[in-house]
Amino acid sequence: MPVIAIVSQKGGSGKTTLALHLATRAVEAKHPACVIDTDPQATAAAWGDWRGDFLPPVVTSPPARLSRTIDNAAKEGIGLCVIDTPPHAEAAMREAIKVADIVLMPTRPRAFDLHALEPIADMLQMHDKKAFVVLNAVPSGAVRQIAEAQEAAKALGLKTCPVTFGERADFHRSSARGETAAEIDSRGKAAQEVSSLWKWVARHLEIKA
Ligand SMILES: Nc1ncnc2c1ncn2[C@@H]1O[C@H](COP(=O)(O)OP(=O)(O)OP(=O)(O)O)[C@@H](O)[C@H]1O
Ligand SMILES: [Mg+2]
């Protein structure tokens, strides 16, 4: 089954936000998706609790048991998994990359955040995986900042996703309520960015968007 891993060593880069929004958008596109939360902070799982019975389900898993968790999810009828990972945890990141078909690295376009991509770039060299930096919380009109971030990623041998996310209040307003940006404003920019990323990822996974 298609597996998307969201990784970044930097705290607060947008991993959980991206994981929850992508999985929910996949459900909207009729994929029976789930989120697998490997972070001991269990932020995605808390969002799942606030959300109640609404899809997608969020399951927790120690990183070392990811393969088993994915197999079990498949037996339960899940058809797509989005893995959320903790910051500052190389082992968890390695396990997620191992089982993924595509790896997304949300990163704020700032020097220290881009610097934190180095260990991921090293790790990815050992795997033949589709992997992309996703620039997140980009200030409006920061064209030059985007170009510089793309250059910095390229210098590390990393590709950058053409879809970028702006600084959008809808992301934190919705997540705090167990919802998504599209659920509080279906025509907002945050919702559009999520849709664009979903379509782009689906194309890479060769599945229906
Ligand atoms: N594009 C965005 N615009 C505005 N706020 C954002 C954006 N992306 C994420 N946030 C907010 O930034 C905070 C951190 O995001 P998130 O929890 O997704 O990061 P994380 O990488 O999972 O953090 P951690 O490493 O601690 O798990 C949250 O409050 C979230 O709502
Ligand atoms: Mg998180």
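The values are calculated or read from the model by the stated rules, or taken from the named source; none is laboratory data. None of the values given here were measured: they were computed from a predicted structure. Neighbour counts run over all protein chains shown; Cβ positions are idealised from the backbone, glycine included. These accessible areas exclude ligands, DNA and RNA; they are computed on the full protein's heavy atoms, side chains included. Shrake-Rupley method; radii C 1.70, N 1.55, O 1.52, S 1.80 Å.
Subtracting the Cα-Cα distance of ILE207 and GLN125 from their residue separation scaled by 0.36 nm leaves 26.9 nm. Distance between the pseudo-spin-label points of ARG177 and ALA111 (7 Å out from Cα toward the beta carbon): 3.9 nm.
Rounded to the nearest whole Å², what accessible area per residue is found for the chain with the 1.4 Å probe? List each step's numbers first, then the result.
Values: 10050 Å² over 209 residues.
Per residue, the chain has an accessible area of 48 Å².
Taking only C-alpha pairs under 8 Å that are 6+ residues apart, what is the relative contact order of region 3-203 in percent?
25
Within the accessible surface of the chain, defined with a 1.4 Å probe on protein heavy atoms only, the carbon and sulfur portion equals 51 percent.
Counting lysine pairs in the chain that sit 8 or more residues apart in sequence, or on different chains, and whose Cα atoms lie under 17 Å apart gives 11.
For the chain, adding -39500 (n - 2.57) for each run of n ≥ 4 DSSP H residues and dividing by the number of residues yields -13500 deg cm²/dmol at 222 nm.
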